[in-house]
Amino acid sequence: MATAQQQVPDILSPEFAADPYQAYRVMRDSAPLFWHEATQSYVISRYEDVERVFKDREGEFTTENYNWQLEPVHGRTILQLSGREHAVRRALVAPAFRGSDLQEKFLPVIERNSRELIDGFRHTGSADLVTDYATRFPVNVIADMLGLDKADHARFHRWYTSVIAFLGNLSGDPEVAAAGERTRAEFAEYMIPIIRARREAPGDDLLSALCAAEVDGVRMSDEDIKAFCSLLLAAGGETTDKAIAGIFANLLQHPEQLAAVREDRSLIARAFAETLRFTPPVHMIMRQSATEVTLSSGVVPAGATVTCLIGAANRDEGRYREPDRFDIFRDDLTTTTAFSAAADHLAFALGRHFCVGALLAKAEVEIGVGQLLDAMPDIRLADDADLVEQGVFTRGPQAVPVRFTPAGN
């Protein structure tokens with residue numbers, strides 16, 4: 001085991017950050033389960049092991065790791081709850097993210113926000129899809145859904161960047177930790193008065209719906225709602241942002257697949273599913289073992305933190321053919337279930353903690369990518385484009401500079 005580990009670049013090293021995929025291959029082959037001293041966790045990389053941990057049919061794994069990983073920045077969130085408490089809280093928030101609420105209330109919000117951003121560059125012939133669009137679009141949508149002032153965008157963006165840095169602070173940098181805790185205080189100061197005002201005078205927005213929601217006599221407290229909004233901004237902002245940038249980075253490097261998507265927009269969902277597999281926005285999620293567990297790659301003791309490498313599992317050659325090839329037409333990834341808890345990729349996790357916003361993300365991506373392709377029919381990478389991915393915990397292209405012939409309105 002020790003020798004295998006020496007060949008694996010450390011997950012906190014610059015070498016790993018530059019190209020984790022090489023390291024993932026070595027891990028899956030020679031160190032599929034190992035103890036990582038710096039993060040005090042067992043690291044797993046094979047699809048069947050990560051899937052087993054996420055699905056957790058036997059109650060062997062908990063999300064207690066979020067007590068130290070999330071609570072300092074968000075407060076206590078739905079992700080930390082289990083059993084009845086989790087089921088009730090999820091029932092309170094889930095309706096807004098599926099079915100008629102999503103279709104009737106929020107699709108127009110998504111369409112409007114995408115169009116407004118594209119209007120900022122559609123006549124110019126060039127854009128950076130990261131700074132001009134991806135980093136702004138999902139946060140604007142969430143702010144709009146909650147009925148918050150989009151003029152506060154810069155603050156929301158700073159807050160969620162600080163929260164994501166806190167979550168990914170695997171090396172324990174004290175400055176990152178302090179900034180994350182400051183964000184929690186600032187966000188509470190901003191949100192709690194708005195929540196109280198919305199309770200007094202509800203509107204037709206998600207925040208008012210959360211204030212009024214009741215399941216089995218349980219309602220969400222101000223603190224519950226604030227924590228959920230904080231989680232929504234961070235999880236919904238960072239991940240959809242990186243997914244949209246990733247879809248275009250992948251398609252622009254595979255022009256024949258880009259042409260297919262341009263011709264047939266129903267393929268956007270395939271491009272999204274394959275991007276989630278090939279370059280997932282979230283590369284690692286942690287869980288805590290409740291008992292001693294025997295995985296295919298070894299034994300995890302009770303009470304341990306387990307770092308599940310989504311980025312590695314989604315490229316497992318034991319699960320996918322030619323896993324290092326981006327292919328929206330692959331037949332070993334099911335698009336129809338890719339945005340549900342029955343997904344056969346791991347980018348949204350699985351089981352009872354499956355991402356509650358998966359269908360919202362799908363709607364944002366389908367509308368956003370469609371509108372971008374309409375505005376930029378001959379989209380191509382800028383000559384000086386260098387599609388460098390950045391990040392370890394969450395990861396995506398740093399910039400996606402493109403050129404196009406302005407299409408008019």
ask   = What would the Debye formula give as log10 I(q)/I(0) at q = 0.12, 0.27, 0.28 Å⁻¹ for the alpha-carbon point model of segment 214-271, no solvent?
value = -0.51, -1.03, -1.06
query = Tally Lys and Arg at +1 and Asp and Glu at -1 over the other residues with C-beta under 12 Å from the C-beta of TYR133: what net charge comes out?
reply = -3
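How much net charge surrounds GLU238 when only the other residues with a Cβ under 15 Å from the Cβ of GLU238 are counted, with Lys and Arg +1 and Asp and Glu -1? Intermediate results must be reported in sequence, preceding the final value.
Numbers: positive: ARG136, ARG158, LYS242, ARG395; negative: ASP241, GLU364, GLU389.
In short, +1.
What does the charge dipole of the chain about its Cα centre add up to, to the nearest 20 debye, if the Cβ of each Lys and Arg holds +1 and the Cβ of each Asp and Glu holds -1?
Dipole magnitude for the chain comes out near 580 debye.
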inquiry  = So for each of 116-126, 156-166, 41-51 I average, over its residues, the number of other beta carbons within 10 Å; can you give me the resulting order with the highest mean first?
reply    = 41-51, 156-166, 116-126
remark   = If amide H atoms are modeled at 1.01 Å from N in the peptide plane, then the residues at a separation of 5 or more from LEU295, or on another chain, having amide H under 5 Å from its own are VAL300
ask   = Taking the Cα atoms of segment 284-385 alone, what are Rg (to one decimal) and Dmax (as a whole number) in Å?
value = 18.0, 55
remark   = Heavy-atom accessible area of segment 111-253 with neighbours in place, 1.4 angstrom probe: carbon+sulfur share in percent works out to 49
inquiry  = Given a 1.4 angstrom probe, I'd like the percentage of the accessible area of segment 261-409 that is carbon and sulfur, rounded to a whole number.
reply    = 50
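Rounded to the nearest 500, what is the chain's calculated 222 nm mean residue ellipticity when only DSSP H runs of at least 4 contribute -39500 (n - 2.57) each, over all residues?
On the way: 17 runs with 195 residues, N = 409.
Result for the chain: -14500 deg cm²/dmol, rounded to the nearest 500.
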inquiry  = Once you compute Rg and the Kirkwood Rh from C-alpha atoms, what is the Rg to Rh ratio for segment 148-219?
reply    = 1.09
task = Might you tell me the accessible area per residue for the chain, computed with a 1.4 Å probe and given in Å²?
result = 40
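Restricting everything to alpha-carbon atoms, can you work out Rg to Rh for segment 110-186 with a Kirkwood hydrodynamic radius? Don't skip to the answer; put the middle values down first.
Numbers: Rg = 15.0 Å, Rh = 14.0 Å.
Ratio value, two decimals: 1.07.
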note = Taking 292-300, 249-257, 147-155 and ranking on average Cβ neighbours within 10 Å, highest first, one gets 249-257, 292-300, 147-155
note = For LYS226, the lysines lying under 25 Å Cα to Cα, once residues fewer than eight places off in the same chain are dropped, come out as LYS105, LYS150, LYS242, LYS362
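The values are calculated or read from the model by the stated rules, or taken from the named source; none is laboratory data. The structure displayed is predicted, hence computed values, not measured ones. Using ideal geometry, Cβ is built from the backbone for each residue, glycine included, and neighbour counts are taken over all protein chains shown. Calculation scope for accessible area: heavy atoms of the full protein, side chains included, ligands and nucleic acids excluded. Shrake-Rupley method; radii C 1.70, N 1.55, O 1.52, S 1.80 Å.
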